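Here is the structure we will look at, set down as structure tokens.
The values are calculated or read from the model by the stated rules, or taken from the named source; none is laboratory data. These figures come from a predicted structure and were not determined experimentally. When we count neighbours, we look across all protein chains shown, and the Cβ atoms used for this are built from the backbone with ideal geometry, even at glycine.
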Amino acid sequence: MSVPIPKRQIVEPASSLETHAGMQFVFRNVGTDALMNSLAQFCLEAEQHIVTLEPNWPNDVDDHPTTSRKKSYNFLSFDHPGLKALAITILEAYSEYAPRPSKDLWVECWLNVHRKGVALPKHSHPGYLAAGHLGVCTDGSSTVYVGQDGQEIEIPAKNGRLTLFGGAEHFVPPWSPGKMPRISIAFNLLPGIVARKYDQITWRSLSVEHLCGDTASNGNKSE
């Protein structure tokens with residue numbers, strides 16, 4: 001008699017490449033605690049600029065103001081050492097994820113800031129080569145991914161950990177730990193031949209020289 005698999009399993013990553021419930025994941029460390037602490041403060045400063053990109057939109061916490069404005073900026077274009085490290089790590093992670101990785105990889109990238117009680121509703125990222133996120137200030141939370149036959153894989157968050165996956169349905173329960181907001185940086189990947197058809201502010205070539213520190217050229221300046 002087979003033992004039924006529980007609807008949700010908690011999985012603590014033990015290697016860089018893992019498969020759970022039919023979903024493939026790549027996990028990479030982006031930087032030190034000090035780098036993530038610095039990046040967290042930078043993200044909160046950048047949030048104040050991002051909400052001005054669409055000034056007529058609501059800014060209440062339930063609106064996910066930095067997330068809803070993701071079509072107005074590419075967060076990897078902002079200038080911080082942690083973002084440069086993120087760009088490099090995305091390239092490394094995708095090279096491990098894909099058997100034949102695209103040599104012309106493009107990225108859209110945005111900031112998520114969730115304050116106490118705010119959740120990230122269930123959603124997916126269809127139509128992309130891969131998707132992912134970096135935990136900047138996320139310790140004490142988790143992301144739940146929905147795999148084959150509705151099997152839920154809950155992966156505890158860790159500051160500095162990049163998770164790359166295929167874009168399956170996932171969600172984040174309401175945030176509660178500590179006084180700091182929950183801060184993460186998310187991204188989607190496309191081949192250049194497709195991404196070039198879209199807005200060149202949102203989609204950028206995933207190379208360090210084309211991305212990080214390029215805020216002056218696209219109007220994304222964070223004081």
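State whether one or more residues within the range 175-183 are touching an Asp or Glu at 6+ places or on another chain (Cβ under 9 Å), surrounded by fewer than 17 Cβ atoms within 10 Å (Cβ to Cβ) and either part of a loop (DSSP other than H, G, I, E, B) or in contact (Cβ under 8 Å) with a residue 40 or more places away in the chain (or both). Yes.
When the range 118-129 is limited to residues that are aliphatic (A, V, I, L, M) and in a loop (DSSP other than H, G, I, E, B), the one that is surrounded by the fewest Cβ atoms within 10 Å (Cβ to Cβ) turns out to be Ala119. Taken together, the residues in the range 153-174 that are part of a loop (DSSP other than H, G, I, E, B) and polar (S, T, N, Q) amount to 1.
Consider the range 172-223 and keep the residues that are closer than 25 Å to Ala98 by Cβ and of a type in the set (Phe, Trp, Tyr). The one that is modelled with the lowest pLDDT is Tyr198. State whether the residues of the range 95-117 include one that is modelled with pLDDT under 95, in contact with a helix residue (DSSP H, G or I) (Cβ under 7 Å, 6 or more places away or on another chain), surrounded by fewer than 19 Cβ atoms within 10 Å (Cβ to Cβ) and under 27 Å from Ala14 (Cα atoms). Scanning the range 95-117, I find at least one residue that is modelled with pLDDT under 95, in contact with a helix residue (DSSP H, G or I) (Cβ under 7 Å, 6 or more places away or on another chain), surrounded by fewer than 19 Cβ atoms within 10 Å (Cβ to Cβ) and under 27 Å from Ala14 (Cα atoms), so the answer is yes.
What are the residues in the range 168-193 that are over 20 Å from Thr66 (Cα atoms) and touching a strand residue (DSSP E or B) at 6+ places or on another chain (Cβ under 8 Å), if any? Outline the logic, then answer.
At the first step, the residues of the range 168-193 found to be over 20 Å from Thr66 (Cα atoms) are 168-169, 177-178, 190-193.
Hits for the range 168-193 are Ala168, Glu169, Leu190, Pro191, Gly192.
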